[in-house]
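One structure is given here, and the rest of the page talks about it.
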Amino acid sequence: MATPATDPRPTPPAGPDGAVGEFSWSRWEAGERPVRTAALLAVVAAAAFTAGVTLQSVASGLLALALLLATLANCLLPIRYAMTADGVGVHGLLRSRLLKWSRVDAARVGEQDAVLLYTTEHTVAQRQFRIDLGPEPQMVAAVLKQRLLDAGVPLV
């Protein structure tokens with residue numbers, strides 16, 4: 001039985017009065033594709049073992065293992081997405097990012113993901129903020145589109 005902390009389904013917006021609350025969902029690629037994950041972990045273990053044997057050091061092998069696992073953290077561990085009245089955030093093991101709605105110039109919402117285009121204070125080139133819509137993409141896309149429209153962001 002899923003608990004609220006591990007339930008992969010999106011949580012609905014807070015408040016029956018339509019008030020904008022947090023809307024969150026998560027994506028766990030390793031749990032969705034266990035065979036691919038097992039193969040990936042076997043390759044990582046073999047690479048770490050090879051590094052340890054080649055360099056004749058257990059510490060080198062363990063360091064290689066740690067670096068490879070850290071690099072693949074977004075594939076192996078759940079990623080949490082959250083939309084609030086202020087913006088949208090992505091939270092993983094090694095990084096968290098928040099993009100405020102006021103910074104978004106335009107958005108494209110697809111069937112499985114969304115791309116928000118924004119500019120930074122330091123550059124004039126547009127950058128992309130990609131959002132995986134998770135296991136229930138239609139529900140997440142509907143809420144995302146509404147939040148974008150409420151913030152005055154054009155959909156392209």
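The values are calculated or read from the model by the stated rules, or taken from the named source; none is laboratory data. Because the structure is a prediction, the values reported are computed rather than measured. So basically every Cβ, Gly included, is an ideal-geometry build from the backbone, and we count neighbours across all protein chains shown.
I'd like the residue in the stretch 125-151 that is touching a residue at least 12 places away in the same chain (Cβ under 8 Å) and in a loop (DSSP other than H, G, I, E, B) and, out of all such residues, is nearest to THR84 (Cα to Cα).
In the first step, residues of the stretch 125-151 are kept if they are touching a residue at least 12 places away in the same chain (Cβ under 8 Å); the result is 126, 128-137, 139-141, 143-145, 147-148, 150-151.
From the residues that got through so far, the ones that are in a loop (DSSP other than H, G, I, E, B) too are 126, 133-136, 151.
On the way: GLN126: 23, LEU133: 15, GLY134: 17, PRO135: 19, GLU136: 18, ALA151: 11 Å.
The qualifying residue nearest to THR84 (Cα to Cα) is ALA151.
Given the structure, is LEU55 at pLDDT 90 or above and over 30 Å from LEU149 (Cα atoms)?
Numbers: at pLDDT 90 or above: yes; over 30 Å from LEU149 (Cα atoms): yes.
The answer is yes for LEU55.
Go through (1) part of a helix (DSSP H, G or I); (2) over 29 Å from VAL156 (Cα atoms) for LEU94 and report which single condition fails.
(1)
Given the structure, is ALA114 touching a residue at least 24 places away in the same chain (Cβ under 8 Å) and either touching a helix residue (DSSP H, G or I) at 6+ places or on another chain (Cβ under 7 Å) or in a helix (DSSP H, G or I) (or both)? Spell out how you get there, then give the answer.
Values: touching a residue at least 24 places away in the same chain (Cβ under 8 Å): yes; either touching a helix residue (DSSP H, G or I) at 6+ places or on another chain (Cβ under 7 Å) or in a helix (DSSP H, G or I) (or both): yes.
Judged against the criteria, ALA114 is a match.
Out of all the residues in the stretch 47-80, which are loosely packed, with under 14 Cβ neighbours inside 10 Å and part of a loop (DSSP other than H, G, I, E, B)?
Hits for the stretch 47-80 are LEU55, GLN56, SER57.
How many of the residues making up the stretch 81-108 are surrounded by fewer than 16 Cβ atoms within 10 Å (Cβ to Cβ), within 19 Å of the chain's Cα centre (by Cα) and touching a residue at least 40 places away in the same chain (Cβ under 8 Å)?
2
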